[in-house]
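S.K.: Provided herewith is a single structure, encoded as structure tokens, for subsequent inquiry.
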Amino acid sequence: MSIIDTTLREGEQTAGIAFTFEAKKRIIAGLAQLGVDEIELGTASRANHDLVILADFIRVHHSRQAFSLWCRCQDEDISYAASLKPAVLALSIPASDLHLTKKLGRDRKWAAARLRKSLNTASRAGIRKLAVGLEDASRADGDFLRILAGIAEENGAFRLRLADTVGIATPMTMIRMVEPLLGMDLEIGVHCHNDFGMATANTITALEHGALWGDATILGLGERAGNSRLEELISFLALQSGKPYNLEGLRRLSAFVAEQSGRRICPARPILGSEIFACETGIHLHGLMTDPTTYEPFAPEKVGLTRKLAVGRKAGRRSIALTLERLGIARLDEICLAGLTGKIRNEAAKKQRSLSDVEIISLARPYCP
Ligand code: HCA
Ligand code: CU
């Protein structure tokens, strides 16, 4: 299972976002540090002249980092892409009748022929690793997907990427799209959009059902509601599946991209939010104080956070007893503990916040033997 980060291609397509050259270099360095398997550096087109320098930057400073370019099936773009010598060239072609007819005024026959021709042009131009991206695959006819996959396979592509371009897939429909294409001489990749909030789940589901590659962008940047979030995918694979990504720099890189793109990171945002390890509920506090794995999927330190256990309106006797123990206060009998619990809850309700250690100590004093 491997991740392609497309922050610099799809992420930069987001309305209102344009990374400076320096920012792009920092993003590349951050992605390389995380150990992302491939960076999609941009769209191969002469208009995109940054690419020459960025490609050299990767080769010189991050020589072990694979990068790819996204490319339309157009000869002039393919020859420009070849001059940049990417590890992988991802040729993209629309796969749905809707896109072929409404966008291009073409049909399936044209798409098949164009894909075959472009793969051959790219091979002749010396590109060794060719990938094919099928745009709007989730709305395309399944038989036609197989035909395009066959063309990709016969004409030297090693990977086929299925795009849920408008983010309408569910985990179930992802499985239905991926499974018929397994068993060919092609690695399957997916590119999921987040229009209904399912991009990460869809990508993980595809990876669990035979796909080998999943696309993501930092903070999920991308068209409309964006793409699968890199922070979610990479953390899930690292923490739940043991993939050796280095999560250490993830928070810093995400904060940098947030700043550069004018996006806020919400306090409860998975992986990144500042408050995701804060807890106030009595039953949970008791569990966390006894053994954090009871109510945490992973240790906060893994993603650069610390646990925040707050004693407030929802505190319970057991969590207060453990708090007193932490504060070095002698054990109270059950009656005193119940009395103190009531006091703490009332005080917190009055103040509309949780209480500090000093406040807890002063409320506990009258109960101490
Ligand atoms: C786009 C294209 C794409 C990627 C398709 C591909 C999509 O809309 O800009 O894999 O080549 O979502 O369809 O990002
Ligand atoms: Cu996309």
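The values are calculated or read from the model by the stated rules, or taken from the named source; none is laboratory data. Source: prediction; values computed, not measured. Cβ coordinates were reconstructed from backbone atoms using ideal geometry, including for glycine residues, and neighbour counts include every protein chain displayed. Calculation scope for accessible area: heavy atoms of the full protein, side chains included, ligands and nucleic acids excluded. Shrake-Rupley method; radii C 1.70, N 1.55, O 1.52, S 1.80 Å.
S.K.: If you find the alpha carbon centre of segment 18-65 and of segment 194-215, how far apart are they in angstrom?
M.R.: 24
S.K.: What's the Kirkwood radius of segment 149-211 in Å, using all Cα pairs?
M.R.: Answer for segment 149-211: a Kirkwood hydrodynamic radius of 11.7 Å.
S.K.: What percentages, rounded to whole numbers, describe P(r) for the chain computed over all alpha carbon pairs with 20 Å bin width beginning at zero?
M.R.: P(r) for the chain, in whole percents per bin: 27, 44, 20, 9, 0.
S.K.: On a 0 to 90° scale, report how tilted helix 230-241 is relative to the longest principal axis of the chain, with both axes built from alpha carbons and the result rounded to the nearest 10.
M.R.: Result, in degrees: 70.
S.K.: Could I ask something else about it? Go ahead and run the numbers for FRET between residue 224 and residue 326, Cβ-Cβ distance against an R0 of 51 Å, rounding to 0.05.
M.R.: Rounded to the nearest 0.05, the efficiency is 0.60.
S.K.: Now, a different point. Run through segment 242-336 and list the trypsin sites (Lys or Arg not before Pro) located in a DSSP loop whose Cβ has at most 11 other Cβ atoms within 10 Å.
M.R.: 264, 331
S.K.: Restricting to bridges with both residues inside the chain, how much of the DSSP beta-bridge set is antiparallel, in percent to the nearest 5?
M.R.: So the antiparallel bridges amount to about 5 percent of the total.
S.K.: Mean residue ellipticity at 222 nm from the helices of the chain, using -39,500 (n - 2.57) per DSSP H segment of n ≥ 4 over the full residue count, to the nearest 500 deg cm²/dmol?
M.R.: -12500 deg cm²/dmol
S.K.: Given a 1.4 Å probe, how much area per residue of the chain is accessible, in Å²?
M.R.: With the other protein chains kept in place, the chain gives 46 Å² per residue.
S.K.: Okay, next question. Accessible area of the chain with a 1.4 Å probe: how many percent of it is carbon plus sulfur?
M.R.: Solvent-exposed carbon and sulfur of the chain make up 52 percent of the total.
S.K.: Compute the projected area of the convex hull of the Cα atoms of segment 32-169, averaged over all viewing directions, and report it in nm² to one decimal place.
M.R.: 8.7
S.K.: Only Lys, Arg, Asp and Glu count, each charged at its Cβ (+1, +1, -1, -1), so figure out the dipole size of the chain about its Cα centre, rounded to 20 debye.
M.R.: I would put it at about 720 debye.
S.K.: Along segment 167-184, what does the Karplus equation 6.51 cos²θ - 1.76 cosθ + 1.60 (θ = phi - 60°) give for ³J(HN,Hα), rounded to whole Hz, x for Gly and Pro?
M.R.: My calculation for segment 167-184 gives x, 9, 6, 10, x, 5, 6, 4, 4, 5, 7, 6, 4, x, 9, 7, x, 8 Hz in order.
S.K.: When averaged across all projection directions, what area in nm² does the alpha-carbon convex hull of segment 244-359 cover?
M.R.: Here the figure is 9.0 nm², rounded to one decimal.
S.K.: If amide hydrogens are placed 1.01 Å from N in the peptide plane, which non-local residues have theirs closer than 5 Å to the one on residue 2?
M.R.: Correct list: 213, 214.
S.K.: Let me ask something else about it. With the chain treated as a Gaussian network of Cα nodes joined by springs under 10 Å, which of 211, 348, 238 yields the largest mean-square fluctuation?
M.R.: Its mean-square fluctuation being the largest, the pick is 348.
S.K.: Shifting gears a bit: With a 10 Å cut-off between alpha carbons and a GNM built on the chain, which of 247, 212, 324 moves the most?
M.R.: Largest GNM mean-square fluctuation: 324.
S.K.: Loop-only check: which GluC sites (Glu not before Pro) in segment 246-325 are DSSP coil with at most 13 other Cβ within 10 angstrom?
M.R.: Loop-located and lightly packed - 275.
S.K.: Most fluctuating residue of 272, 309, 332 in a GNM of the chain with Cα springs under 10 Å: which is it?
M.R.: Sorting by GNM fluctuation, first place goes to 332.
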